[in-house]
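Everything on this sheet refers to the single structure shown next.
The values are calculated or read from the model by the stated rules, or taken from the named source; none is laboratory data. Keep in mind that this is a model prediction, so the values were computed, not measured. Here Cβ is always computed from backbone atoms with ideal geometry, including for glycine, and neighbour counts include all displayed protein chains.
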Amino acid sequence: MAGARILITGGGGQLAKEFARRVPESVLRTREELSITDRGQVEETIERLRPEVVLNCAAYNAVDRAEAEAQLAMAVNADGPANLARACRRSGARLVHFSTNYVFDGTAPEPYLESDQPRPLSAYARSKREGELKALSEDPKALVIRSAGLFGPGGSASRGGNFPERMLARARAGQELAVVADQTLNPTYTGHLAEATLAALTKGETGILHLVADGCCSYHEFAVAILRSAGVDSQVKPIRTSESGAAAAPGLARGSPRLLAGAGRCRSAVTANGRADLRQNWAREARMAELYQRLSQVAREPAAKRQLQRLAADERRHADAWAGYLEERGIAAPAAPATIGAFVLSALARVVGVGPVMSMAGLAESRILRSYLGQIHAADDGAKSILRELIPEESGHARGVEAAAETVEEWHGSGGIESIRNVIYGVNDGLTATLGVLAGVGGATVDPHVVLVGGLAAMTASGVSMAGGAYLATKSQREIYEDQLAREAAEIEAMPEFERGELRAIYRAKGLTDSEAETIVARITRDKQIWLDTQAREELGLDAGQFENPTREAAVAGVATLFGGFIPVVGYLVGRAVAGPRPLVALVITAAICVVCLFLMGAARTFFTGKNAIRSGLEMTLVGSFVAVQQAAVRKAASRAGELRPDTE
């Protein structure tokens, strides 16, 4: 955009100032100098300046106050863009209008695409959506950019600065900070948004485009990070939206962030289409194909087998598409991806059922989808064609896999994930505890029978202890839930109007109008059981589905711990067979086998996280280092005490 004549409106705001810093020759107009609600003034200014590009950074951003000033919000956010678009169309200038993630209601389980239907729920959101429609209606060549969580130097003074500035000011003033933890955003730096906007203009983008930074967090996490980065020592209390007393986040359902697809576009234009990313695309699809194929061999239900085989075929087709793309461009074909993750997870499915592993697969599919959405903006024509074909299918996979996880096996949903967690904890605990005993006893005596008995005793004790702990913990959770549910039921019986009022307040905080909230509450409270379940979920964040069968969880944890403890015992037997009369060599072999198992567990964990397998594996093997230290300490202590004779080779 070098040399282009650019007019920037809303010159007092942080985004406008950022553009002015990057394009010094641009013309900056504040609200006092150019009111975009004045059609005549807009037309006269554009006719006189003859800009090639108009960046509309002017906006009414008082989200809460807009409910009382809906007419003003509509004038600035809707009529203003219409005036600019009309004038730009006549003069031939290109209009860029900035909108917001608030045009969506926040109920989708994944980030919103540009093609998703907006559903604004507040006066502010409706005004912004109307501005989008009017801008594109008046000028079909306009570019509407939706972003979220903007921050940068020089936030709006009329609002007390942007979010980071307000947090820092209040913390330094010694004020108590309480920030919502159940609303999520993409914090986006104005400098990055400006950079990405200019790149989009250079490419001739039109229509609607989502531009947000990579990564997301809650407002509470954002506030904590801001204070930590600034070196300000202040506590930030996490609260729920229903406790905030504000209507600032319309449409945000519990746990459902209003995120925009396109995360990373503000900083990924150079690397999103790099070779490493394309090879990673192929590897991800190939790994998922391998997993689904293995799971189809584990699944018992014919319908589940067929579905998994279809998914495997789809993923192989996706992998082949990327392999062909790489080959056409002379990029070296990557080696076959490691299948250890698929092997371990399919083995895990034999223990806890296919459903829980499919729940994890749904998370992996969502991660692949987000990666593709972040790549498509900067991809070349070949990659963009593949991405456009694969994105709808990956979106369908993510939804389909999660839905199937609820039906193909008896153990599903949160219970499956809890069982998987118990398996991982159990195997890790059993292995390290038993290895520690073998190392300690073996370092203090040469009698292999004593060492073996000690290992078996540790294995059994760990298994029983883990099973008992899992049983009591799960049972306690359920009992607490039942107690809270009984108390809530009593409150409904004793104070029905008060409880109805609480529900109305919760739904109003989510962006519903008074009449909408009243209608929903009236329907819910017709049935006492539905009312109780809804009250528990909305007010207390409790759901019966999150509490598991104590006996089942005890069995899973106990068996997993026994299995983990069995690994060093078998390793010791193998070590003795190989090392003969050299007990320390046998222990070294045992430790090596255990370290390999720990490493493989850590590496398998990255099947879904996409993190570096070696790094993850090494993290888990740190436990082995602790065991080695424990071995040396026990041996040294026993030697000094003279109670046992340490081995000396």
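Selection of region 1-42 for residues being part of a strand (DSSP E or B), in contact with a Pro (Cβ under 8 Å, 6 or more places away or on another chain) and crowded, with 21+ Cβ neighbours inside 10 Å yields ILE6, LEU7. Listed by first and then second residue, the pairs with beta-carbon distance under 6 Å, at least 6 apart or on different chains, first residue in region 67-87 and on the phi > 0 side of the Ramachandran plot, second buried (at least 20 other Cβ atoms within 10 Å of the Cβ) and of a type in the set (Phe, Trp, Tyr), form an empty list. Exactly one condition in (1) at pLDDT below 85; (2) more than 30 Å from LEU150 (Cα to Cα); (3) not polar (S, T, N, Q) is not met by ALA312; state its number. For ALA312, the failing item is (1). With respect to the stated conditions, GLU502 is at pLDDT 75 or above and either under 29 Å from the mean Cα position of the chain (by Cα) or part of a helix (DSSP H, G or I) (or both). ILE530 fulfils the conditions (1) modelled with pLDDT under 80; (2) surrounded by fewer than 19 Cβ atoms within 10 Å (Cβ to Cβ) except for a single criterion, (1). For residues in region 358-391 being within 22 Å of ALA108 (Cα to Cα) and surrounded by fewer than 18 Cβ atoms within 10 Å (Cβ to Cβ), which is modelled with the lowest pLDDT? Step by step, filter region 358-391, then rank; the result is LEU363. Strands (runs of 3 or more DSSP E) fully within region 128-231 that include at least 1 residues being over 25 Å from LEU95 (Cα atoms) and touching a residue at least 60 places away in the same chain (Cβ under 8 Å): 177-180.
Is it true that some residue in region 169-176 is closer than 24 Å to GLY11 by Cα, out of contact with any strand residue (DSSP E or B) (no Cβ under 9 Å at 6 or more places or on another chain) and at pLDDT 85 or above? Yes - at least one qualifying residue is present in region 169-176. Exactly one residue among VAL559, VAL574 is surrounded by 19 or more Cβ atoms within 10 Å (Cβ to Cβ), part of a helix (DSSP H, G or I), of a type outside the set (D, E, K, R) and modelled with pLDDT of 80 or more, and that residue is VAL559.
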